[in-house]
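To start, the structure itself, in structure tokens.
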Amino acid sequence: MSVAKKEYKRVTVKSLIEMKQDGEKISMLTSYDYSMAKIVDAAKVDVILVGDSASNVIAGHETTLPITLDQMIYHASSVVRAAKRALIVVDIPFGSYQSDSKEALRSAIRIMKESGAHAVKVEGGTQIKDSVKRILQAGIPVMGHLGLTPQSIYKFGTYTVRAKEEEEAEKLKEDAKMLEKLGCFGIVLEKIPAKLAKEVAESVSVPVIGIGAGNGVDGQVLVVHDLLGMTHEFNPRFLRRYMNLYEDMGNAISQYVDDVKSRDFPNEEEQY
Ligand code: KIV
């Protein structure tokens, strides 16, 4: 069953605001390479996030901190070559926007110029206000990211649910309002109570996309490798796996090994 309300040839930041106004939920998924982005785009996912989760999923790091701006641009360019419909948003990686707003703008400009992506995403609230402002002033659309912000994992200490206490919840609500006022076109809320996420989504005019933030927000985002079950050690409550590719791919590859060893592959038809 398709529940899309309008056909979009190319999803833009304006389309997302329109979807929120129309009550159409927004789908967002990560991609980091050409082949996956082709599939994700053909499935009509509205927003492709070239997330810094590439640091975990693609490079095997424990956190998102090590990935570099050059590496993000490489991933983003591959996705841009594949996706013809989705809006492409790229994470500005840790260490490329926190020092000062000029550095933040330089990083955002490199992403836009060198990859051809459509927007950038940054983590944090008041502490990055000047950077967000400067990037927006240059005409680059910015998406915010509040709640569990993995680039600050060593400050939090754990990946548990954020903003359960009143003080942190109030600060998050203020930060969301501030990002909206600055001109961000959307906000990701990660791993916070569903009730709080719904309250935030209802209090701002821009789309709020949740991951582990319940169903009261304007859209959902997941890491595509988690959704497909390619990762299997990561099992948070919010994750719905639609496939078990870890097992299926493993079985297919074992079969290939057996076929090579047994001389079954290649057969008569599979050679020249
Ligand atoms: O990097 C990423 O994949 C993200 C999502 C989890 C929102 O930021």
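Just so it is clear, none of the values below were taken in a lab; they were calculated from the coordinates. Note that this is a predicted model, so its numbers are computed, not measured. A quick note on method: Cβ atoms are made from the backbone with ideal geometry, for glycine too, and the neighbour counts reach across all protein chains shown.
Structural remarks
- Comparing I39, L189, G60 along the charge dipole axis of the chain, the residue lying farthest to the positive side is L189, per the Cβ-charge model.
- Alpha-carbon centroid distance for the pair the range 150-208 / the range 33-65, whole angstrom: 22
- Gap separating the Cα centres of the range 227-263 and the range 100-131, nearest whole Å: 36
- Helix axis angle, 69-82 relative to the chain longest principal axis, alpha carbon, degrees: 70
- Pairwise FRET efficiency - E270 versus F234, Cβ, R0 = 35 Å, nearest 0.05: 0.40
- With the simple spin-label model, which puts each label point 7 Å out from Cα in the Cβ direction, the M249 to L182 separation comes to 3.5 nm.
- Point-charge dipole on Cβ atoms (K/R +1, D/E -1) for the range 13-241, about Cα centre, debye to 20: 460
- Comparing E247, E165, E24 in a Gaussian network model of the chain (Cα springs below 10 Å), the most mobile by mean-square fluctuation is E165.
- Linear extension gain, T126 paired with E174, 0.36 nm per residue minus alpha-carbon span: 16.4 nm
- 0 to 90° range, to nearest 10: angle between helix 194-203 axis and the chain longest Cα axis: 60
- For the range 186-236, averaging the sequence separation of C-alpha pairs within contact (under 8 Å, six or more residues apart) and dividing by the residue count gives a relative contact order of 32 percent.
- Hydrodynamic radius of the range 80-227 by the Kirkwood approach over all distinct alpha-carbon pairs: 15.6 Å.
- Principal-axis analysis of the Cα atoms of the chain puts helix 101-115 at an angle of about 30° to the longest axis.
- With the simple model of a label 7 Å out from the Cα in the direction of the Cβ, T68 to I17 spans 3.7 nm.
- The chain: most fluctuating residue of Q127, Q98, Q151 per GNM, C-alpha cutoff 10 Å: Q127
- Per-residue Cβ neighbour rank within 10 angstrom, fewest leading, E174, E62: E62, E174
- Longest stretch of the chain clear of exposed loop sites (trypsin sites (Lys or Arg not before Pro), DSSP loop, at most 13 other Cβ atoms within 10 Å, sites excluded): 85-163.
- Take the Kirkwood radius over Cα pairs of the chain, plug it into Stokes-Einstein at 4 °C and 1.567 mPa s, and you get 67 µm²/s for translational diffusion.
- Surrounding net charge for V188, when Lys and Arg each add one and Asp and Glu each subtract one, Cβ distance under 9 Å: -1
- Within straight-line cross-link reach of K173, aspartates and glutamates at Cα separation under 20 Å, skipping those fewer than 8 residues along the same chain: E123, D130, E165, E190, E199, E202, D218
- Extension gain from E199 to T160, taking 0.36 nm per residue of separation minus the Cα-Cα distance: 12.0 nm
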